[in-house]
Structure formats: C-alpha cells, structure tokens
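Accompanying notes for the structure given below.
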Amino acid sequence: MSITTATRPGQDRPQTRRKRRVEPIFYLFLLPSLVLFTLAITVPGLVGIFFSFTNSIGIGDWEFVGLTNYVAIFSDPAILQSYLFTFGFSIVTVLVVNVIAFLLAVGLTSQIRMKTALRTIFVIPMVVSGIIIAYVFNFLFSNSLPSAGAAAGISWLETSLLANPDLAWVAIVVVTAWQAVPGALLIYIAGLVSIPGEVYEAADIDGASKFQQLLKITAPLVAGYVVINIILGFKGFLNAYDIIVGLTNGGPGTSTRSIAMTVIAGFNGGDYAYQMANATIFFVVAVLISLLQLSLTRGRNTL
Amino acid sequence: MSSNLTRTLRMAVLGLCLALLAGLLSGCTGDSGKETIRFTFSKREAIGFMTKLVADYNASQDKTEVVMDTSGVDVVSASFVRGNPPDIALANYNMETARFVQRGALSDLSGTQASTRIRKDLQPLMDQYGSYPGRTSALPYSIMASSVIYNKEIFAAHGIDVPKTWSDLIAACDALKAAGVTPFYATWKDDWTVAQGWFDYSVGGQLDTIDFFHKLSEAGTEVGPDSPASFEKDFQQPVAKMLELAGSYVNKDAASRAYGDGNLAFAQGKAAMYLQGPWAFGEIAKSAPDLQLGTFPLPMTDNPDDLRVRVNVDLAAWIPEGSKHKDAARDFLEYLYQPEVIEAYNKSQLGFTPTIDAAGAPDPRIEGMVEYYEKGQVYQGPSVLVPRTIPIMNHVQALVLGADPAATFRTLDADWARLAFRQ
C-alpha cells in the first residue's frame, strides 16, 4: 500500500491536516483486537445478560423467568454481604497500598545507599503469582504466626487469623497489599523523579523544612499519580479472587466471600442464571464507578 | 517494476502463511487410527491406581486411547456449560451430578452389561439425587461407608471399649482427656472435613436425613419457622450435641489445622479418634503403615439401635449425552465393571463394591462398619443433600468456630426458600 497523503483540491489550508482521509490500513490494524474483544468480551457478556432472565443452570433445558433472579438477589443476605465485604475490603486496601507505596517511593527516590538493590527487592512481590503468594501466607498465618503468638504469650494470635471470622479480612488486606504495593510504588517513583529538582532548591532557599516540602511540593505534584493508583487499585481489588481463594476460600463461614467468588460459585454450583443476574448488577455498578472516576480524573489531569 | 515485485512477493508470503496455518489447524484432528476418549477421574487418593488401570486398558486393545483428566469437578461443570463435556467419568455422586441427571445431560446406560449387575437395593442411594424419565443416567461404582476412625492402640492402653451410646462416648472422651490424650483430632481449616465428619455424623446419627430433605423439598418456598420441617427446628438439637463434642474434646489448634495435618497427626498418635472417611486410611498409612485402626458409628443417642453409618456413592459412572465417542466410552465402561477390575479398585480404596457378584473379605480397618452396612443401618450425610449453591460447608465451619446456631439455621432456611423461589 502507498503511504502518500491525498489532499483534496480547495482544502489546502494547514488547519485541515487532521481532516485528511484516514488510511484504510489503520482499520485493518484495529480489526484483530476488535474481533477478539467482541468474541471474548462483548458476546459472552450479552449471552450472560440474556441468561440472567432464565432459570438456566448452564446446561440442558431452561425457560424464561423474567425478573425473578433479580428479585431474589436483593433479598439474599449472602450476595449483599459479598458486596459489602468487597467494597469495604477494596477501600481499606486502596488506602493501605497507597500510603505504604507513597512513603516507600519517597524513601527510594531520596539519596540513600543501595537504592537500586532495594527497589528490586521491593518489586519482587509483583512478579509472583497471586495464588502462590496466598498459599505461602496461608501457611504463615496457620502455622508460623500462631507459634509465634504462643511463644510470646499473645492469646488472640494463638489461633490462626484466617480462622477468626472478625479478623480474616485483615489477613486478606495484608496479603493483597503486599502484592499490590510494588505496582503502585513504581508509578509513584516515576511521578517523583519527574518533579524537577529546582523547585526543591527554591524551597530550600525560602527556608521550607523537609516536611513542608513533602506536603506543599511533592504531594501536589504527584496528585495525578495518586489518582491513577487509586483507580487502578480500586478496579483490581473489586475483582479480588485468587488471593482470597488461596487464603480463606471465602471462610470462615461466608465472612470473606467476594463478589467474583459468588459469581463463580454459581457457575460451578448450578446457579448459572442467578449469578449471571448478579454479574449483570455488578457490571452496572462497575460502569457507574468508572463514569464517576472518569469525571474526577478529567478534573485532576488539568491540575 | 520493483513495487510490483514486492507486491507479488508479499502475496506469496501471505499465501504461504495461510497454508501453514491451515496445515497446523488440520493437524489437530485424528491422524492416528485410535479413537481418543477423555475420562474424568479426580479422586485424589486413587489417581495412581486409576492411571495404571487406564494404561493397562490402552495396551490391551488398539481401538481406543483413553486419556485421563484429573482436573477436578469444577472444571467438569464448566465443560458442560461450554458444551465440551468429558466422554466418560467416574465421579462422586452428589447434588452436583444430580443437575446433569435432572436436566438430561447424561446418556442412558440401561443397555449396558454393567447395568444388569448392580445391586437393586442400592437404587434408593442413586434415586436420592433425582432421575431423568426413561434413563439410567449413572451406575454406582464404589460405595463408601464412613464413621469414626479410632486408634485401637490408644483405646486398649486406656482400657476403653468402643462406645455404643452417647453417654459411653462422653465417658470415653472424659477418660481420655483425664489421661492427657486428645479425644478427637479436628481439622476445621478445611471446611469439607467439618461437613462430612462432624456435621454429617452428628446429624445423621440422630435424624432421618432423607425424610427431612423430602419434607424440605415439599415445603419449597414456604421453608421457615412455620413449615413442617426446617433447619432451625430439626437441626438445633443434633448440632448442639456436635458442638458439645467440638467444644471440649478436640485438639487446641483445630481451627488452623487442615486435612493433611490431621492425617499426619493421627498417624503420630496425637489423638484417639478422627472423624474421617475410609479415604483417610491410605493417607495415614503413608506415615504409619502398621498402626492398628478401626471404625465405629458415632453414637449420638442413648439407644444402641440408633447406630448408623454414613454412606455415599463415592464414585458413579456416567457418559454425557454430549460426548461424541459414546460407543468407545461404553466399551471402556464395561471394562471398568469387569469383576476383577471393580473389586480390585474397591479393595484398594476400602470401598464396597455395588455389583451382585461381588465377593471378598473386608479390610480389618472397615470391619466395624460391615454389620451396619449389610443390615441397612445407613444414612446419607445432610451436607451432600444440600444443593451446592447453598454454601453449607462454609456455614457448618462457622458453627464449630463459634457462630450462633439459631442464626445460621435461619440463614439456611431462607437460602433454601429463595432457591425454591427461583428454580
């Protein structure tokens, strides 16, 4: 194909440059991802929404049941609890991850020894698979921590955190944060090194303390990165699945079942249509959150 | 000229690529003469045995190549949904498989030789999970009876006899405890161990489970405080006794121990009794091959006539309607049911063979249950009779970890009614 740009006669003003005819080849470039997205995301999504109005169990005969599944969901404490748990868990984890990652990033961009080595160490959790991390921590929580608790005479630590219905979620936050901090850390480091050194010099000359510099210069200048981290993190944590499966499998009782887990449980346990209705609701909720975040970030990026 | 050349060249390369791709794709379909069938089998303890059996079968004939898939029950369910089920399976027969039966996803096996040799008195065990009109959808392959596993050496050392009543049991537990021996080893970290052992033995020993679930199904959306049967009304009493045992007579770290930990600890003699099925014997034997073990039904009432053992169809054979190799699968099915094959399997796993021609002395470790099994003093565990979409295992785990029984059973009643409402 040729790559010459055809300009129509009579439209030779410089401003019309972006109005020129789009090369058809670009559509060809788009095609694979468009096809894949349609086949792997859109079509199954629509099929799922369709089945949420039936009593299908995923196989065999089924019939339409109208809004029955949706009515049942809103009176199902297990589903409502999974929403409560997932949102609570996501908010706490986002806060924990961002505070730790930001402080670590400030430390790792300042003039300290072994900076590169430390950065490498801190990033390692990111490259380990979630389910492996979960099983390793499962062992620590079930065996090592209770032994340590018994040795130190701390009675509430003697039984596994994972077996405590009130505290199991803390263990999940800890492990998820352990895995998620490096990703946020890298983004913060990128943000911090992009701040020009002169502003700090100027602040020094004006007599600002290090703490004031952190608060008045660093924090506002990385605000955009904070927003990115919060959005990416929150989105990821709402889909929490692998780490919870490896740690508690939703237990003890049903205290740590995430939304994704209830949806998949329906897929495996003969509740396909019902959980498709749940997934549809979750999809709507996710779209609403995305719209909210989109409008927020638009404001932020102009800062 | 040069641009034309590149153009031709490009077309040629494109054509070549397409040809290669087509070749790759077609390469997937049968190039050998053997018909390949996918055989789902995921009973962890028996994978070694079955792998060898499949290899023997593959070597014995040159029509069919059986490929074993051990990826587990969740993957199987998903494969049905995707329309790509296995060709044949030997799988646990439970509510999960019941769905496939009831919606007609399994093919009729009544014409097979194997189906004529199944003991008729086992039919209620199969019917419990529903049927599809005019079909024999599944055949039992291995029946497991389970009850309390006890360490004969510890019992003998402390002069304790096998308890036949609830009072005997409490007396035995107190005596063991006084002697510094943990009566029961519990592994509550794995919720299924609470469900199949603690919950099922306790409730099944006191309640007619099949009758209860029959009434519950009839009540449907009405299940609640006013229905003829409800979890809240009928389970409180049995579960209170379970919690009495769970509260005073287990290892201190029960909440953080899992099935594997339990097998090891029991093999090391760290407790006198263990609420597990016969599948645990093989695991215990790995670290203590000579340990003297026995079984007895958990006495939950003061009447020795109430003693019963839990049974379940540990494995049933079925062939999905959606299989494209049904004939080859049926040939393999007949092979699996040959007397020497099915009996060798059940002997290796301490199961009971469901065929009429079965013979052979039971293993001494399950001798304690034979009497009850043959007299029909059996029950099905309540945990396997609850549809899987209700997380019963999670709930009973919460019970032993301290959740309020009344509230838990109200939740179960509401879950049951809600399920009846939408299905």
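Considering only the Cα atoms of the stretch A:81-301, their convex hull presents on average a projected area of 15.2 nm².
Take the accessible area of B alone and of A alone, subtract that of the pair with a 1.4 Å probe, and the total buried over both chains is about 2800 Å². Accessible surface comparison of B:Asp363, B:Asp87, B:Asp174, A:Asp206, probe 1.4 Å, protein chains only, largest first: the order is A:Asp206, B:Asp174, B:Asp363, B:Asp87. Largest GNM mean-square fluctuation across B:Gly48, B:Gly197, B:Gly376, computed for chain B with C-alpha springs under 10 Å, falls on B:Gly48.
Across chain B, the relative contact order, built from alpha-carbon pairs under 8 Å that are at least six residues apart, equals 27 percent.
Work out the FRET efficiency for B:Arg119 and A:Gln81 from their Cβ-Cβ distance, taking R0 = 45 Å, and round it to the nearest 0.05. Intermediate values should be presented prior to the final figure.
Details: r = 45 Å, r/R0 = 1.00.
The computed FRET efficiency comes out at 0.50.
Among B:Ala178, B:Ala317, B:Ala240, which one shows the highest mean-square fluctuation when chain B is modelled as a Gaussian network with alpha-carbon springs under 10 Å? Its mean-square fluctuation being the largest, the pick is B:Ala178.
Sort the following peptides by mean Cβ neighbour count (other Cβ atoms within 10 Å, averaged over residues), highest first: B:161-170, B:258-267. Show your work: numbers first, answer last.
Values: B:161-170: 17.2, B:258-267: 19.8.
Taking the mean over residues of other Cβ atoms within 10 Å, the ranking is B:258-267, B:161-170.
Can you tally the net charge around B:Val386? Count Lys and Arg as +1, Asp and Glu as -1, for every other residue whose Cβ sits under 12 Å from the Cβ of B:Val386. Summing Lys and Arg as +1 and Asp and Glu as -1 gives -3. Taken along its principal axes, the alpha carbon cloud of the stretch B:252-331 reaches lengths of 52, 36, 28 Å, longest axis first.
Per residue, how big is the convex hull of the protein assembly as shown when only Cα atoms are used? Give it in Å³. Can you show the working numbers first?
Numbers: hull volume 180.5 nm³, N = 726.
Looking at the protein assembly as shown, the number lands at 249 Å³ per residue.
Mean projected area of the Cα convex hull of the stretch A:60-172, taken over all directions, amounts to 12.5 nm². Would you mind getting me the FRET efficiency between A:Leu36 and B:Lys63? Use the beta-carbon distance for r and R0 = 51 Å, nearest 0.05. Rounded to the nearest 0.05, the efficiency is 0.80. Amide H contacts of B:Val148 (H built 1.01 Å from N, in plane; Pro and chain starts excluded): B:Phe296, B:Leu298 sit under 5 Å, all sequence-distant by 5 or more or on other chains.
What helices in chain B pass both tests, a Cα length along the helix axis of 20 Å or more and a mean Kyte hydropathy of 1.0 or higher, using whole DSSP H runs? Don't jump to the answer; show the numbers that get you there.
On the way: long enough: B:2-26 (36 Å, 1.24); B:231-248 (25 Å, -0.29); B:405-422 (26 Å, -0.12).
The qualifying helices are B:2-26.
Listed peptides A:142-155, A:277-290 appear in the order A:277-290, A:142-155 once ranked by packing, highest mean of other Cβ atoms within 10 Å at the front.
In the protein assembly as shown, what % of DSSP beta bridges are antiparallel (nearest 5)?
Details: 22 of 37 bridges.
Bridges in the protein assembly as shown are about 60 percent antiparallel.
Legend: P(r) of chain B from all alpha carbon pair distances, 20 Å bins from 0, whole percents, reading 24, 51, 19, 5, 1, 0.
Counting only other residues whose beta carbon sits under 13 Å from that of B:Thr221, what net charge do I get with K and R as +1, D and E as -1? Could you put the intermediate results ahead of the total?
Working: positive: B:Arg418, B:Arg422; negative: B:Glu218, B:Glu222, B:Asp226, B:Asp413, B:Asp415.
Cβ neighbours under 13 Å give a net charge of -3.
Relative contact order of chain A, please, whole-number percent, based on alpha carbon pairs below 8 angstrom and at least 6 residues apart. For chain A, the relative contact order is 28 percent. Taking a virtual spin label 7 Å from the Cα of B:Thr221 along the C-beta vector, which residues in the stretch A:49-85 bring their backbone nitrogen under 11 Å of it? The answer is A:68, A:72, whose backbone nitrogens lie closer than 11 Å to the label point.
Note on chain A: GNM, Cα springs under 10 Å; of A:Met126, A:Met276, A:Met261, the largest mean-square fluctuation is that of A:Met126.
Using the 1.4 Å probe convention, the accessible area of the stretch A:113-263 works out to 50 Å² per residue with neighbouring protein chains retained.
Given a 1.4 Å probe and every protein chain left where it sits, what share in percent of the accessible area of the protein assembly as shown is carbon and sulfur? It would help to have the intermediate numbers written out before the result.
On the way: 22170 of 35620 Å².
Roughly 62 percent, rounded to a whole number.
Here the peptides A:230-237, A:26-33 are ranked by packing, the mean other Cβ count within 10 Å, and the order with the highest first is A:230-237, A:26-33. At a threshold of 10 Å², the residues of the stretch B:355-392 that become less accessible to a 1.4 Å probe in the full protein assembly than in their chain on its own are B:Arg388, B:Thr389, B:Pro391.
Kindly provide log₁₀ I(q)/I(0) values, in the same order as q = 0.18, 0.26, 0.35 Å⁻¹, from the Debye equation applied to equal alpha-carbon scatterers of the stretch B:117-159. Each listed q maps to, in turn, -0.64, -1.01, -1.27.
Scanning chain A for DSSP H helices at least 30 Å long along the axis (C-alpha atoms) with a Kyte-Doolittle mean no lower than -0.5 picks out A:77-109, A:168-193, A:272-301.
What is the antiparallel percent of DSSP beta bridges lying wholly in chain B, to the nearest 5?
Working: 21 of 36 bridges.
Counting only bridges with both partners in chain B, antiparallel ones make up about 60 percent.
Computed over neighbours whose Cβ is under 14 Å from that of A:Thr109, the net charge equals +4, Lys and Arg +1, Asp and Glu -1.
The values are calculated or read from the model by the stated rules, or taken from the named source; none is laboratory data. Since the structure is predicted, the reported quantities are computational estimates derived from the model, not experimental observations. Note that each Cβ is placed from the backbone with ideal geometry, even for glycine, and that neighbours are counted across all protein chains shown. Remember, those area values only see protein heavy atoms, side chains included, never the ligands or the DNA or RNA. Shrake-Rupley method; radii C 1.70, N 1.55, O 1.52, S 1.80 Å.
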